[in-house]
Amino acid sequence: MPDAERVPEAERGSRAGATAADELPPTALMEAIGGGRGLLDSALPATVFVLVRLVTDSLGAAIAVALGTGLLLLGLRLRRGEPLQQVAGGFFGLVLAVFVARATGTGKGFFLPGILTTAGTGVAFVASLAVRRPAVGLVLAAYDAKYAGWAAHPGLRRACQIATAVWAATFFVRAGVAYWVYRLPGDRDGLLLVVINAVKWPLIVGAALLTVVLVRRSGYREGVPAGGREQPDPA
């Protein structure tokens, strides 16, 4: 009889472990930074901007249509119940891009704020490593409270450090490539749009999948110290 009682207890421990690192979905990091839909929404105004400018050769028309698209997306995202801070931040980025495009009189100026923001995000990720609060760990804890103990678990903490370094590298690569295209002679807004998206998406997906693999292999279990054993439920 004692053996029969221990089998379900072991199974419960296995299932409990699966509710933490083992069950982190591949889309978790994407969702934490706004989700695939949010990333697509952020890319739409720039795409419309470039297309309108190619068709009309008018910077003013491209700016007007991009702003109109941004306002439409603003309404749709609010209707979907997305956080106001996230929605407002996206629209502010669009307004800043439009301002720089108008101030420089170039289509490529539309992309400069995004390039600088991407580089700044990379710097922030490196800074989080310097202060031993890797950004990926903070994102995981914000995504799901069961990861709140990431800092106390050596395996998960190490996974978060590696993942944060990888994400920082992707931000620097994206910003560096885009800025190189930006610096080319002429107003190459169409080329910028293509290059930015061609570099961005594979890096985002790759970094997100690598993060999930690292977290799943960390051995983290909610409420179980590293190297420890899960405490059975009280009778």
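The values are calculated or read from the model by the stated rules, or taken from the named source; none is laboratory data. Remember, it's a predicted structure, so these values are computed and weren't measured experimentally. Cβ placement follows ideal geometry from the backbone for every residue including glycine, while neighbour counts extend to all protein chains displayed.
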**Study point:** Sole residue being among the basic types (Lys, Arg), part of a helix (DSSP H, G or I) and closer than 28 Å to Trp167 by Cβ, chosen from Arg102, Arg77
**Key:** Arg77
Exercise for review: State which residue pairs qualify: first residue closer than 21 Å to Ala148 by Cα and touching a residue at least 12 places away in the same chain (Cβ under 8 Å) and inside region 107-136, second residue β-branched (Val, Ile, Thr) and in a helix (DSSP H, G or I) in any location, beta carbons under 8 Å apart, and separation of 6 or more residues or different chains.
Suggested key: Phe125/Thr164; Ser128/Thr164; Leu129/Thr164; Pro134/Thr164; Ala135/Thr164; Val136/Thr164; Val136/Thr211
Exercise for review: Assess whether Ala178 counts as being in contact with a helix residue (DSSP H, G or I) (Cβ under 6 Å, 6 or more places away or on another chain), aliphatic (A, V, I, L, M), at pLDDT 90 or above and surrounded by 15 or more Cβ atoms within 10 Å (Cβ to Cβ).
Suggested key: yes
Practice item. State the number of residues belonging to region 54-67 that are in a helix (DSSP H, G or I) and either within 26 Å of the chain's Cα centre (by Cα) or among the small types (Gly, Ala, Ser) (or both). Key: 6
Exercise for review: Determine which member of the set Gly90, Gly13 is modelled with pLDDT under 85, under 30 Å from Gly190 (Cβ atoms) and part of a helix (DSSP H, G or I).
Suggested key: Gly90
Review point. Since Ala61 meets every condition but one in (1) at pLDDT 90 or above; (2) surrounded by 16 or more Cβ atoms within 10 Å (Cβ to Cβ), which condition does it not meet?
Key: (2)
Exercise for review: Scan (1) of a type outside the set (A, V, I, L, M, F, W, C); (2) part of a helix (DSSP H, G or I); (3) within 29 Å of Ala159 (Cα to Cα); (4) without any contact (Cβ under 8 Å) to a residue 40 or more places away in the chain for the single condition Gly70 breaks and write down its number.
Suggested key: (3)
Check your understanding: With Leu40, Leu74, Leu29, Leu78 as the choices, which residue is modelled with pLDDT of 65 or more and within 15 Å of the chain's Cα centre (by Cα)?
Key -> Leu40
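Check region 224-233 and report whether any residue there is modelled with pLDDT of 95 or more and exposed (fewer than 13 other Cβ atoms within 10 Å of the Cβ).
No, region 224-233 contains no residue that is modelled with pLDDT of 95 or more and exposed (fewer than 13 other Cβ atoms within 10 Å of the Cβ).
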Review point. If a residue has to be closer than 12 Å to Thr211 by Cα and without any contact (Cβ under 8 Å) to a residue 40 or more places away in the chain to count, how many in region 137-156 make the cut?
Key: 1
**Study point:** Residues of region 98-109 satisfying the condition of being farther than 14 Å from Gly68 by Cα and surrounded by 14 or more Cβ atoms within 10 Å (Cβ to Cβ)
**Key:** Phe99, Val100, Ala101, Arg102, Thr104, Thr106, Gly107, Lys108, Gly109
Check your understanding: Hey, does region 122-133 have a residue that's under 14 Å from the mean Cα position of the chain (by Cα), within 22 Å of Ala208 (Cβ to Cβ), at pLDDT 95 or above and surrounded by 15 or more Cβ atoms within 10 Å (Cβ to Cβ)?
Key -> yes
Practice item. Please tell me if Trp201 is assigned to a helix (DSSP H, G or I), surrounded by 17 or more Cβ atoms within 10 Å (Cβ to Cβ) and aromatic (Phe, Trp, Tyr). Key: no
